[in-house]
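Visitor: Mind looking over this structure? Questions follow.
The values are calculated or read from the model by the stated rules, or taken from the named source; none is laboratory data. From a predicted model like this one, the values you see are computed outputs, not experimental measurements. No Cβ is skipped: glycine too gets one built from the backbone with ideal geometry, and neighbour counts run over all protein chains shown. For the accessible areas, the whole protein counts, side chains as well, though only heavy atoms, and no ligand, DNA or RNA atoms are used. Shrake-Rupley method; radii C 1.70, N 1.55, O 1.52, S 1.80 Å.
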Amino acid sequence: MTAPQSMESLPTIGPTDSVATHCPYCALQCGMYLAGRGAATRVLANAEFPVNAGGLCVKGWSAAATLTHADRLRSPLVRDGHGALVPATWDAALEHTARRLEDVQRQHGRDAVGVFGGGSLTNEKAYLLGKFARVALGTANIDYNGRFCMSSAAAAASKAFGLDRGLPFPLEDLPRAKTILLAGGNVAETMPPIMRYFEAQQVEGGTLIVADPRRSATAQWARLHLPLKPSSDTALANGLLHVLIRDRLIADDYIAARTHGFDDVRRTVAAYWPERVERLTGVREADVVEAAHLLGRAPSVMILTARGPEQQSQGVNNTLAYINLALALGAVGKPFSGYGSLTGQGNGQGGREHGQKADQLPGYRRIDDPVARRHMADVWDVPEAAIPGPGKPAPELLEDLGPDGGVRALFVMGSNIVVSAPDALRVERRLKALDLLVVVDFFLSETAQLADVVLPSAQWAEEDGTMTNLEGRVIRRRRVFDPPDGVRTDLDVLTGLAARLGRRRQFTYHSSRDVFEELCRATQGGPADYSGLSYDRLDAEDGVHWPCPAATHPGTPRLFTSRFPTPDGRARFHAVAHQPPVEECDEEYPLHLTTGRVMAQYQSGTQTRRIEALQDLAPEAVAEMHPTAAHLAGLRDGGHVTLATRRGTATFRLKVTRSIREDTVFVPFHWGGDQSANRLTNGAVDPISKMPEFKVCAVRASRAPEEAAE
Ligand SMILES: Nc1nc2c(c(=O)[nH]1)N[C@H]1C(S)=C(S)[C@@H](COP(=O)(O)OP(=O)(O)OC[C@H]3O[C@@H](n4cnc5c(=O)[nH]c(N)nc54)[C@H](O)[C@@H]3O)O[C@H]1N2
Ligand SMILES: Nc1nc2c(c(=O)[nH]1)N[C@H]1C(S)=C(S)[C@@H](COP(=O)(O)OP(=O)(O)OC[C@H]3O[C@@H](n4cnc5c(=O)[nH]c(N)nc54)[C@H](O)[C@@H]3O)O[C@H]1N2
Ligand code: SF4
Ligand SMILES: [Mo]
């Protein structure tokens, strides 16, 4: 596999034809068609794809602009003796990278090279990146940005249900849920086409409750908004369960037949009477009771969480507290009911199944499971002992970059950590302490700007692959165009480097289809079993839900209907108590800072900050503050605010709004530099999931220096 163009055969497309594919951004993976070529490429919504049924958000509509953008990297770049990134041939860049990686490993050991992946990578790429780390580099140290995204929900679902699939039911079940509680998700902005399901639910007479410190665009849709204090989700969920038990609204038969551990939970939540919950959460006692009654009296209930409660040092406990509620209501595994976490990134689901996680082998297997190791040793054709053990989770990996921590080189594919990791100034310092930083990206992201080698990769519509959306639906993302000259696919980059590291035999593939076939074999018998899937089948069926263990198996849209994949088939309750965030407010830093997203920008912004239509909508980072808090700090709407935490400062345009709690400031994290939310955030992590506390730290707001002088 030398020239990238040899990887795939292109569908024939003429000037009027269009090819069905999927959006490059979020986990909804909306179906779309691409028509035309070059700058004339147009996006058309796919009305037949069941998830979005013709809907797209503004990011999807404008996605084709990334393909022909003038900023695209078209040649590898290597840092020269004067510190400048200069163009190099592919041969020279790959050879240089392979030799430097070998040098680092020779001098400092195999684990001195780290690999950092992402949830935007296709299943094939996520799988091959994991194999690249374990087989070509032989390092234990691989993790990915999903650690910052889905790790708390994944850990909680695994503990409670024995399996983590974000939504264990298809979105089409939502409209028939009588009551939905959505905790910390602003889906009206983060996955807008999903709103048609909430709309349909309301048309059917259903009720939506939203728990969010902000009256977000989504909360405005809700019949009941619970404006909780950041970091008080466990108290709120325990309070709801307290009322449900008190008012005899729990499903005793279900609890007895399908679960374990309720007595501990009952004892714990006894201490969360509504008045106390009001004190802990700031949510009015009457609203806690009303929410509990809306949940307890509904014949079908769904509880959904997103990053609000999950991205905290109590992220796993918060999620478990919401799961307890769903189990006590007997909702999990019942029709039009259940608990789900809304996966975020395009392949945030598949990306967490196929081995780019520090403790994981493909198929959602554990790397310390001897049976899984033997199975993978067979598939990879290596001795079992050659497969490394568990590596460092992302926050530890980033903390250990440089001579002190011992990880001397980092290979990044699909993440822009300078913008998206917590306590970003610290991360930047760590990256600068590396002997070697290699970044594979299609734009010169803030992270790529620090690299010693930058390898330009193909984009979504230029490569074949599969993605697994937030419902566990595996879909085909089709290659529509050739990558531009000078650009290679990520699969090519990995196989090219592996060959130069002496692993050509294990890394010979003729197409991404070959990689997928190996992935399917690798997952056989694992929790996320893809072994019944093939490109042909996915093409014919417009997506199949895993697990799908045989070519004749229909796939599994709904999980847990009769048993849980735990040793005894029952789900587990976990008694969890409210705990404060790692950093509490004080006189110096009197407000809570929380962070998140706006509709028109995506993640670290590498892609969307380059698109004119999106820049027009969201040209800069805007902080949100309540009028009372703004007044106290002498700030005005439309002016600038400087936010300071114990880690850094950043300056934002200010929007003064009554839609946020008085004690809370919100900023989006899509920008770097002086507008970087992550220069402010706390790197403290959840002890189980290692999820950073993105959603709460203590902050001080003051007038920006230039305005203070006015
Ligand atoms: N436009 C856009 N869409 C996206 C993305 C994007 O970058 N831009 N990214 C995608 C990805 S990767 C993800 S993970 C998803 C994320 O999707 P969401 O989880 O919907 O997005 P966030 O804005 O991070 O957080 C959601 C809400 O949590 C609230 N919140 C803050 N603190 C707390 C708390 O303590 N408790 C509770 N209950 N709520 C709290 C915030 O006010 C915010 O409204 O979006 C996906 N879709
Ligand atoms: N403060 C704060 N920080 C957060 C969050 C928050 O809510 N608040 N949310 C966190 C969450 S949920 C997430 S998911 C992370 C996301 O943050 P990141 O991990 O930075 O994710 P992206 O911005 O999507 O970065 C992807 C990078 O890889 C490139 N890229 C995209 N697709 C591909 C590909 O297929 N191949 C290659 N080689 N490159 C590709 C893009 O151009 C971009 O530069 O941010 C986290 N950071
Ligand atoms: S909702 Fe997500 S998948 Fe759909 S068009 Fe928008 S960004 Fe793309
Ligand atoms: Mo995410």
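Visitor: Distance between Cα centroids, the stretch 40-78 to the stretch 134-210: provide it in whole Å.
Guide: Cα centroid to Cα centroid, the span is 23 Å.
Visitor: Here's something else I'd like to know. Rounded to a whole number, what % of the accessible area of the chain do carbon and sulfur atoms account for, probe 1.4 Å?
Guide: 49
Visitor: Right, something else. I'd like the distance separating the alpha-carbon centroids of the stretch 350-375 and the stretch 265-319, in whole Å.
Guide: 34
Visitor: Could you tell me what percent of the DSSP beta bridges with both partners in the stretch 591-708 are antiparallel, to the nearest 5?
Guide: Bridges in the stretch 591-708 that DSSP calls antiparallel: roughly 60 percent.
Visitor: Something else about it: With both bridge residues required to lie in the chain, what share of the DSSP beta bridges run antiparallel, to the nearest 5%?
Guide: Looking only at bridges with both residues in the chain, the antiparallel portion is about 45 percent.
Visitor: Mind checking the per residue accessible area of the stretch 151-341 for me, 1.4 Å probe, whole number of Å²?
Guide: Averaged over the residues of the stretch 151-341, the accessible area is 30 Å².
Visitor: Another one. Run the Debye formula on the Cα coordinates of the stretch 252-294, all scatterers equal and no solvent, and tell me log10 I(q)/I(0) at q = 0.27, 0.29 1/Å.
Guide: Result of the Debye calculation: -0.90, -0.93.
Visitor: Let me ask something additional. As I understand it, the dipole of the chain uses +1 on the Cβ of Lys and Arg and -1 on the Cβ of Asp and Glu, about the Cα centre. Which of Gly569, Leu434, Ala613 lies farthest toward its positive end?
Guide: Of the options given, the answer is Gly569.
Visitor: Rounded if a/c is under 1.5, else prolate if a/b beats b/c, else oblate: with a ≥ b ≥ c from the C-alpha gyration tensor eigenvalues square-rooted, which is the stretch 151-341?
Guide: Rounded shape, in that the Cα axes give a/c under 1.5.
Visitor: Work the Kirkwood hydrodynamic radius out for the stretch 593-710: mean of 1/r over every pair of different alpha-carbon atoms, inverted, in Å.
Guide: Computed over Cα pairs of the stretch 593-710, the Kirkwood hydrodynamic radius comes out at 14.7 Å.
Visitor: Moving on to the next point. Taking amide H atoms as placed 1.01 Å from N in the peptide plane, list the residues 5 or more away in sequence, or in a different chain, whose amide H sits under 5 Å from that of Ala684.
Guide: Placed amide hydrogens put Glu693 under 5 Å from Ala684.
Visitor: What Kirkwood hydrodynamic radius do you get for the chain when you take the inverse of the mean 1/r over all pairs of distinct Cα atoms, in Å?
Guide: Its Kirkwood hydrodynamic radius stands at 25.6 Å.
Visitor: Tell me, what ³J(HN,Hα) does each residue in the stretch 642-650 have, in order and in whole Hz, if you take phi through Karplus 6.51 cos²θ - 1.76 cosθ + 1.60 with θ = phi - 60° and put x for Gly and Pro?
Guide: 9, 9, 10, 10, 5, 10, x, 10, 7
Visitor: In the stretch 40-91, what trypsin sites (Lys or Arg not before Pro) fall in a loop by DSSP, with at most 16 other Cβ atoms inside 10 Å?
Guide: Arg74
Visitor: So, with +1 on the Cβ of K and R and -1 on the Cβ of D and E, and no other charges, what is the size of the charge dipole of the chain about its Cα centre, to the nearest 20 debye?
Guide: Value, rounded to 20: 700 debye.
Visitor: Using a 1.4 angstrom probe, figure out how much accessible area the stretch 591-708 has per residue, in square angstrom, rounded to the nearest whole.
Guide: Spelled out: the 1.4 Å probe surface of the stretch 591-708, per residue, equals 36 Å².
Visitor: Output the Kirkwood hydrodynamic radius of the stretch 515-565, Cα pairs only, in Å rounded to one decimal.
Guide: 11.2
Visitor: I would also like to ask the following. Specify which residue in the list Phe669, Leu137, Ala644 is farthest towards the positive end of the charge dipole of the chain, using unit charges on the beta carbon of Lys, Arg (+1) and Asp, Glu (-1), about the Cα centre.
Guide: Value computed over the given set: Leu137.
Visitor: Roughly speaking, what is the centre-to-centre gap between the stretch 464-530 and the stretch 397-418 when only Cα atoms are used, to the nearest Å?
Guide: Spelled out, the Cα-based centre of one part sits 24 Å from the other.
Visitor: Short version: ³J(HN,Hα) in whole Hz for each residue of the stretch 608-618, in order, from phi by Karplus 6.51 cos²θ - 1.76 cosθ + 1.60 (θ = phi - 60°), x for Gly and Pro, what are they?
Guide: Taking θ as phi minus 60°, the curve returns 6, 5, 9, 9, 4, 4, 7, 4, 4, 7, 9 Hz for the stretch 608-618.
Visitor: Can you compute the FRET efficiency between Val371 and Thr566 using 1/(1 + (r/R0)^6), with r the Cβ-Cβ distance and R0 = 25 Å? Round to the nearest 0.05.
Guide: With R0 = 25 Å, the Cβ-Cβ based efficiency is 0.90.
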